[in-house]
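Nothing in this text is a laboratory measurement; each read-out follows from the coordinates by a stated rule. Because the structure is predicted, anything quoted here is derived from the model rather than measured. Heads up, the Cβs are rebuilt from the backbone with ideal geometry, glycines too, and the neighbour counts pull from every protein chain shown.
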Amino acid sequence: MDSHLRHRIEDFYYLEAELLDDRKLRQWLDLLADDIRYWMPIRHNTLERPENIGDELSKPGEAYYFDDDKKSLKIRVERAYAKNAWAEMPPSRTRHMISNIRIKKDDGNEIEVHSNFIVYRTRLETDQDMFIGERQDVLRRVDNGFKIVKRTIILDQSVLTAKNISVFL
């Protein structure tokens with residue numbers, strides 16, 4: 001695999017993390033394609049070991065944490081800036097850590113990339129949450145870099161212990 005391409009993708013993800021951690025959400029939207037699907041299925045505990053992790057996840061049409069397009073992501077971003085956004089008052093402080101970036105497929109136009117993440121969030125004096133899992137992305141090549149076309153977020157935990165998911169993973 002092309003190490004230059006991997007480096008460019010890593011830089012793209014680090015820029016994304018920086019924008020999210022610095023609460024520059026409107027700029028973060030610019031990294032997303034107009035036809036994005038930003039989806040986080042629910043993970044189910046199974047009694048038997050599944051053949052693949054996908055068997056533990058809710059399927060399209062079943063329950064999910066969120067299933068956003070560009071329009072709904074814009075609404076969520078603008079809500080974060082609103083004075084009456086109680087879930088983000090005061091705003092969360094986050095730290096996005098991205099690792100194990102793997103290029104799975106490259107067709108010349110779009111690149112399938114998997115990465116691991118830890119998002120640490122703190123609010124108020126004692127509220128702390130960690131979201132840990134894998135992101136399965138499709139990146140589209142554009143003139144100045146990449147746009148995220150699809151993001152599937154797979155949390156490691158099956159029970160969400162956070163009070164909300166008002167931050168972007």
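Residue by residue, segment 70-75 carries 3J(HN,Hα) couplings of 4, 5, 6, 5, 4, 5 Hz when phi is fed to the Karplus relation 6.51 cos²θ - 1.76 cosθ + 1.60 (θ = phi - 60°); x denotes Gly or Pro. Applied to segment 26-39, the Karplus parametrisation 6.51 cos²θ - 1.76 cosθ + 1.60 on θ = phi - 60° returns per-residue 3J(HN,Hα) values of 5, 5, 4, 4, 5, 7, 9, 5, 5, 9, 5, 10, 10, 10 Hz, with x for Gly and Pro.
Residues within the reach of a label modelled at Arg141 (point 7 angstrom out along Cα to beta-carbon, backbone nitrogen below 13 Å), restricted to segment 65-106, are 106. Between Ala33 and Ile148, Val149, the built amide H atoms are under 5 Å apart, and every one of these is 5 or more places off in sequence or on another chain. The fraction of all Cα pairs in the chain landing in successive 10 Å bins from 0 to the largest distance is 9, 36, 38, 15, 2, given as whole percents.
When you restrict to C-alpha pairs under 8 Å that are six or more residues apart and normalise by the size of segment 3-155, the relative contact order lands at 25 percent. Between Glu18 and Trp86, residue separation times 0.36 nm minus the direct Cα-Cα distance comes to 22.1 nm.
Give me the number: length gained by fully extending Asp2 to Ile118, i.e. 0.36 nm times residue separation minus the C-alpha to C-alpha distance, one decimal in nm. Before the final figure, lay out the partial values.
Working: separation 116, 0.36 × 116 = 41.76 nm, distance 2.59 nm.
Gain on extension, Asp2 to Ile118, equals 39.2 nm.
Looking at Tyr38, Ser115, Pro91, which one has the Cα that reaches farthest to the positive end of the dipole of the chain (charges on Cβ: Lys, Arg +1; Asp, Glu -1)? It is Pro91, whose Cα lies furthest towards the positive end.
Can you pull a Stokes-Einstein diffusion coefficient for segment 34-125 at 37 °C (0.692 mPa s), Rh from Kirkwood over Cα pairs, as a whole number of µm²/s? Could the numbers behind the result be given before it?
Numbers: Rh = 16.6 Å.
After rounding, the answer is 198 µm²/s.
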